[in-house]
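These notes are about the structure you will find just below.
The values are calculated or read from the model by the stated rules, or taken from the named source; none is laboratory data. These numbers were taken from a predicted model, which means no experiment stands behind them. Cβ sites come from the backbone with ideal geometry, for glycine too, and all protein chains shown count toward neighbours.
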Amino acid sequence: MLIEVSQIPPEGLDIDLPPETLDLGTPADLWEGLASVRAVMHVGRSGRGVVIGGTFAGDLLLICSRCLERFPFQAADRFDLYCEVGTPTMAGDQRELDDDELDVTYLEEGRINTDHLLRENILLSLPVQPLCREDCRGLCPQCGANLNLGSCGCRAPVGDPRLQVLRKVR
């Protein structure tokens with residue numbers, strides 16, 4: 001959904017986005033398929049810019065980092081964002097940004113794209129190492145069997161025989 005900044009009334013705008021399918025981009029072996037995302041937000045004017053605050057919840061399939069099984073995950077969080085229309089500098093002009101400028105999102109066309117906003121917040125809320133469950137046993141290092149489904153029968157690796165002497169030291 002696109003929101004025209006010029007159409008935002010002085011008292012602000014309340015938006016309730018129903019569940020919709022959102023493409024999160026290239027999955028990078030972390031998730032699979034599309035996400036179903038819903039959000040409630042308030043868009044208001046503040047000085048030269050726009051303040052956006054709200055909450056989101058999204059359902060998607062993550063890939064367990066231990067056993068590689070797909071599992072449902074719900075990402076939900078609150079977000080607050082300050083946007084200004086235009087760019088901080090002229091094209092080709094290079095300078096170091098101030099600390100205040102690092103927290104600003106610049107809207108080039110005078111529009112807020114809620115899809116980009118929600119995509120960014122969903123991706124930021126994903127776990128770094130997703131697990132299907134806390135006690136996930138992962139895959140067997142020898143045969144690759146999912147150890148959550150049962151033992152595979154492979155013998156545990158003995159280890160480097162040169163280090164056996166260290167096991168006797170206590």
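Is there a residue being assigned to a loop (DSSP other than H, G, I, E, B) and either basic (K, R) or touching a Ser or Thr at 6+ places or on another chain (Cβ under 6 Å) (or both) anywhere in region 150-163? Within region 150-163 (the criterion being assigned to a loop (DSSP other than H, G, I, E, B) and either basic (K, R) or touching a Ser or Thr at 6+ places or on another chain (Cβ under 6 Å) (or both)), the answer is yes, since at least one residue qualifies.
If a residue counts only when it is in contact with a Leu (Cβ under 8 Å, 6 or more places away or on another chain) and within 30 Å of L147 (Cβ to Cβ), which strands (runs of 3 or more DSSP E) contained entirely in region 7-119 have at least 2 such residues?
On the way: elements: 13-22, 31-46, 49-63, 70-85, 104-107, 111-113.
Fully inside region 7-119 and qualifying: 31-46, 49-63, 70-85.
Note on region 148-170: residues that are more than 43 Å from the chain's Cα centre (by Cα) and among the hydrophobic types (A, V, I, L, M, F, W, C) amount to 3. Is one or more of the residues making up region 153-168 outside the structural domain of A57 (by TED's automatic domain parsing), at pLDDT 80 or above and surrounded by 10 or more Cβ atoms within 10 Å (Cβ to Cβ)? Looking through region 153-168, at least one residue is outside the structural domain of A57 (by TED's automatic domain parsing), at pLDDT 80 or above and surrounded by 10 or more Cβ atoms within 10 Å (Cβ to Cβ). Mind listing whichever residues of region 32-83 are charged (D, E, K, R), within 27 Å of E109 (Cβ to Cβ) and surrounded by 15 or more Cβ atoms within 10 Å (Cβ to Cβ)? Listed by number, the residues that qualify are R38, R45. Listed by first and then second residue, the pairs with beta-carbon distance under 6 Å, at least 6 apart or on different chains, first residue in region 148-170 and under 25 Å from C64 (Cβ atoms), second in a loop (DSSP other than H, G, I, E, B) and at pLDDT 80 or above, are N148/C67; N148/R137; C152/C140; C152/C143; C152/A145; C154/C140; C154/Q142; C154/C143.
Apart from one condition, G25 fits all of (1) over 30 Å from L139 (Cβ atoms); (2) surrounded by fewer than 16 Cβ atoms within 10 Å (Cβ to Cβ); (3) touching a residue at least 40 places away in the same chain (Cβ under 8 Å); (4) of a type outside the set (S, T, Y); the exception is (1). Residues of region 12-22 that are surrounded by 10 or more Cβ atoms within 10 Å (Cβ to Cβ), of a type outside the set (A, V, I, L, M, F, W, C) and either within 14 Å of M1 (Cβ to Cβ) or touching a helix residue (DSSP H, G or I) at 6+ places or on another chain (Cβ under 8 Å) (or both): D14, P19, E20. Among the candidates T105, T87, the residue that is touching a Cys at 6+ places or on another chain (Cβ under 7 Å), surrounded by 11 or more Cβ atoms within 10 Å (Cβ to Cβ) and modelled with pLDDT under 95 is uniquely T105. Sub-9 Å Cβ pairs linking a first residue in region 111-127 that is assigned by TED's automatic domain parsing to the domain that holds F73 and within 20 Å of V43 (Cβ to Cβ) to a second residue that is in a loop (DSSP other than H, G, I, E, B) and charged (D, E, K, R), at least 6 apart or interchain, are D115/D23; R119/D23, ordered by first then second residue.
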